[in-house]
Amino acid sequence: MTKSIMKAMLWKEWRETRWKWLAFALAFHIPLFIAGLMVTLRESARFDLYALSDSVLSQVLEFALVFQSGFLITAGLFLLAFFAVGSIGAELDNRSMFFLFERPVRRWQVLLFKYVVGALQTTSCVGLSLLSTLTVVYLVTAAAASNVTLAGSWGAYVLIVSNGLRGSVWTTIIALMVYSATFLFSVWFEKWWIAVIAGAVSLVLMFYYFGGNLIDWVISRAARTSGGDNGINLEFYSRLELLPILAMLMVSAGLYFASQYVFARKEMR
């Protein structure tokens with residue numbers, strides 16, 4: 001694969017997915033939009049925001065951290081699957097994939113390129129949404145609350161964001177696994193709606209068997225060990241565990257190679 005072919009494929013992927021990727025990035029901030037609506041429409045919420053101080057800002061940021069983390073590993077995964085399901089199935093369905101096969105490029109290279117680009121788009125949105133949410137909450141609070149100062153609250157923000165990086169690692173790896181599974185369905189089933197159903201069913205089964213573990217790894221232990229106060233124990237929030245992380249990475253790799261296997265044997269008519 002030459003550099004000119006790679007640039008052409010990259011431009012093709014960006015041109016076809018840029019608006020969907022932007023919508024996807026915004027969709028992962030739905031909790032932030034809901035909070036914004038509440039502050040806009042409810043006077044009591046505006047009063048509570050105005051009355052915040054440096055001493056309680058950490059609790060606000062901790063709540064935002066937990067709420068956004070919960071959204072990412074529940075409803076957010078269905079959003080991710082909906083985005084990933086069109087990775088390649090639509091091009092197989094409308095036969096636009098033939099454009100690539102007319103170039104000096106191999107099948108496995110086409111699929112690898114599309115997988116890597118799509119995975120980077122989705123996982124970056126998932127991982128960064130946690131940090132961007134915390135940043136927006138901090139800036140809005142610092143601007144709106146008369147008793148919140150940058151000097152007095154900066155330490156709390158840095159502490160929670162630094163701990164939130166572990167949550168970004170967890171949610172990114174979980175997102176990669178879900179994306180890999182949905183990518184396989186997108187290759188396997190040319191009709192996008194069949195791939196959507198298969199992705200939804202697989203997510204439901206994943207939550208049924210492993211949902212408790214996912215929530216426990218990311219959120220629950222921090223809440224259980226909070227000592228009964230109003231916040232969370234950041235020490236136990238999203239503690240990185242090598243075994244489940246490696247297992248999910250291996251599952252992701254296995255799903256990708258399964259996609260290559262299916263794609264190599266798919267008849268192009």
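The values are calculated or read from the model by the stated rules, or taken from the named source; none is laboratory data. Since this is a predicted model, take the numbers as computed values, not measurements. Please note: Cβ atoms are built from the backbone with ideal geometry, for glycine as well, and neighbour counts cover all protein chains shown.
Remarks
- Leading residue by the ranking (farthest from Ser55 (Cα to Cα)) among those in segment 125-143 that are within 22 Å of the chain's Cα centre (by Cα) and without any contact (Cβ under 8 Å) to a residue 40 or more places away in the chain: Leu131
- When we screen Val196, Val251, Val204 for residues that are in a helix (DSSP H, G or I), at pLDDT below 85 and of a type in the set (Val, Ile, Thr), the only hit is Val196.
- For segment 173-191, a tally of residues being among the hydrophobic types (A, V, I, L, M, F, W, C) and either within 14 Å of the chain's Cα centre (by Cα) or more than 17 Å from Tyr115 (Cβ to Cβ) (or both) returns 6.
- Failed condition for Ala198, given (1) free of Cβ contacts under 8 Å to residues at least 60 places away in the same chain; (2) of a type in the set (A, V, I, L, M, F, W, C); (3) in contact with a Leu (Cβ under 6 Å, 6 or more places away or on another chain): (3)
- No other residue among Phe83, Phe113 is among the aromatic types (Phe, Trp, Tyr), crowded, with 20+ Cβ neighbours inside 10 Å, at pLDDT below 90 and in a helix (DSSP H, G or I) apart from Phe83.
- Residue satisfying condition, being in contact with a Lys or Arg (Cβ under 6 Å, 6 or more places away or on another chain) and in a helix (DSSP H, G or I), within set Val56, Val39, Val66, Val60: Val39
- Within segment 119-139, one or more residues are under 27 Å from Glu190 (Cβ atoms), out of contact with any helix residue (DSSP H, G or I) (no Cβ under 8 Å at 6 or more places or on another chain) and modelled with pLDDT of 85 or more.
- Residue pairs meeting the criteria (Cβ under 6 Å; at least 6 apart or on separate chains; first within 15 Å of Thr122 (Cβ to Cβ), in segment 1-22; second surrounded by 15 or more Cβ atoms within 10 Å (Cβ to Cβ) and among the aliphatic types (A, V, I, L, M)): Glu13/Val117
- Residue match in segment 144-167 (condition: closer than 20 Å to Phe83 by Cβ, surrounded by fewer than 23 Cβ atoms within 10 Å (Cβ to Cβ) and under 19 Å from the mean Cα position of the chain (by Cα)): no
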